[in-house]
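Chemist: Right, I'll just put the structure down here and ask away after.
Values in this text are rule-based calculations from the coordinates and carry no lab data. Note that the structure is a prediction, hence the values are computed from the model and not measured. As a convention, Cβ positions derive from the backbone with ideal geometry for all residues, glycine included, and neighbour counts pool all protein chains shown.
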Amino acid sequence: MNPPQKKKPPVDADAAKAAFEKLLPRFEQIPKDSLQSPNTSVDAAAIVALGIARELSAPETRARFELLPKELFDIAALDDLEAAALAAWYAATSLLSANAQGTEAKLPVELVDDATTLKARMLKVGDYHFDPASPTGREIADIRVGTGYRDLAQDLARLARLYRTEKKQLENDKVHYSAEDAARADELSHRIVAELSASRSTEQALWVERVQRAFALLLGLYGEVTTTATWLRRKEGGAAAYPSLVTAGRAARRGRAEEPPGDNEGTGG
């Protein structure tokens, strides 16, 4: 079984639409209270999943999955993975279209100024206290690359959580750290989300939820298939690990040109 391919596979828009329509009833069965906003570029993550799905579906590779009893692995997960990747890509690009056609969300200038100032201050505190190579330092670096209003809301929520988790270390800083910043970050995050929700069109809201549903199904299938593939390849020395879709999507977002602030959840805001 070969390592995951790196070349991006082509996406057939008609096939992606057909896959989405086929899986739509399955998406709608996912409980709404379990949905989360993907903090990654869903379209880019879907393309990574698509390449791996096609690689693992090759006859010789698929035959190895078929050796496993159904009680341990249901081959339907592999069969559905390509369609789920195409459907997630279609949902993400459809949300982009809905956002482009809808009225761009406009937040109060004061809210944006307060939120961006607070984010910058909290990032500065994080940079001061945590080595960039540490887990917390890497999370701070990831937060820093967020663009758009929805990223801003999510980044503030993540910084608030980080402040609470690392409180014992941070509270000794009498110069840069403010204990009130965590609560303030949560407050501003909630206000941004509320403003965006109020201004979003019905069509945009529909596709936001569809992206969440499609990505949830894709993550589940991808995890099941790649975990099994890793086990099948366990004796192959030097075999590369299958990438995290969330990490792959974030890497793609970093590589894209810097965007002006806007509600960019379509590709993972």
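Chemist: To the nearest 10 degrees, how steep is helix 245-255 against the longest Cα principal axis of the chain, on a 0 to 90 scale?
Modeler: So the helix axis and the longest Cα principal axis differ by about 60 degrees.
Chemist: Please state the charge dipole magnitude for segment 52-171, taken about the Cα centre, from unit charges on C-beta atoms (+1 on K and R, -1 on D and E), reported in debye and rounded to the nearest 20.
Modeler: Details: 16 positive and 20 negative charges, 93 e Å.
I would put it at about 440 debye.
Chemist: Further question on the same structure: Between rounded, prolate and oblate, where does segment 109-199 land on the alpha carbon gyration tensor, with a ≥ b ≥ c its root eigenvalues, rounded for a/c under 1.5, else prolate if a/b exceeds b/c? Write out the running numbers ahead of the final one.
Modeler: On the way: a/c = 2.19, a/b = 1.62, b/c = 1.35.
Taking the square roots of the gyration eigenvalues as a ≥ b ≥ c, segment 109-199 is prolate.
Chemist: Next question, about the same structure. With springs connecting C-alpha atoms under 10 Å apart, model the chain as a Gaussian network and identify which of Asp74, Asp33, Asp12 has the largest mean-square fluctuation.
Modeler: Greatest mean-square fluctuation among the candidates belongs to Asp33.
Chemist: Compute the angle between helix 148-165 and the longest alpha-carbon principal axis of the chain, please, reported from 0 to 90 degrees and rounded to the nearest 10.
Modeler: 80
Chemist: A further question follows. Sort 36-42, 53-59, 122-128 by the packing proxy (mean of other Cβ within 10 Å over each peptide's residues), most packed first. Provide the component values of the computation, followed by the final result.
Modeler: Working: 36-42: 20.9, 53-59: 15.7, 122-128: 17.9.
Descending packing order for the listed peptides: 36-42, 122-128, 53-59.
Chemist: Give the aspartates and glutamates whose C-alpha is closer than 17 Å to that of Lys70, dropping any in the same chain fewer than 8 places away, or say none.
Modeler: Asp79, Asp80, Glu224
Chemist: Something else: Expressed as a whole number of Å, what is the distance separating the alpha-carbon centroids of segment 174-188 and segment 14-50?
Modeler: Each part's Cα centre sits 36 Å from the other's.
Chemist: Applying a 10 Å radius around every beta-carbon, put 186-193, 23-30, 45-52, 215-222 in order of their mean neighbour count, most first.
Modeler: Numbers: 186-193: 18.8, 23-30: 14.4, 45-52: 25.6, 215-222: 22.4.
Final packing ranking: 45-52, 215-222, 186-193, 23-30.
Chemist: May I ask you to order 137-148, 164-175 by the average number of other C-beta atoms within 10 Å around their residues, highest value first?
Modeler: 137-148, 164-175
Chemist: Return, ordered by residue number, the residues of segment 114-142 whose backbone nitrogen is under 14 Å from a label point located 7 Å along Cα→Cβ of Asn172.
Modeler: Output list for this probe position: 129-131.
Chemist: If you work out semi-axes √(5λ) of the Cα gyration tensor in Å from the coordinates, which of (1) 36, 24, 15; (2) 27, 22, 18; (3) 32, 19, 18 do you get?
Modeler: (1)
Chemist: Same structure, new question: Under a point spin-label approximation (7 Å from Cα along Cα-to-Cβ), what is the Thr116-Asp33 distance to one decimal in nm?
Modeler: 3.8
Chemist: Expected output is a single nm value to one decimal: the length gained when fully extending between Asp74 and Arg62, i.e. 0.36 nm times separation in residues minus the C-alpha distance. What is it? List each step's numbers first, then the result.
Modeler: Numbers: separation 12, 0.36 × 12 = 4.32 nm, distance 1.20 nm.
Extending this stretch completely gives an extra 3.1 nm.
Chemist: If you fit an axis through the alpha-carbon atoms of helix 13-27 and take the longest principal axis of the Cα set of the chain, what angle between them do you get, 0 to 90°, nearest 10?
Modeler: Compared with the principal axis, the helix lies near 80 degrees.
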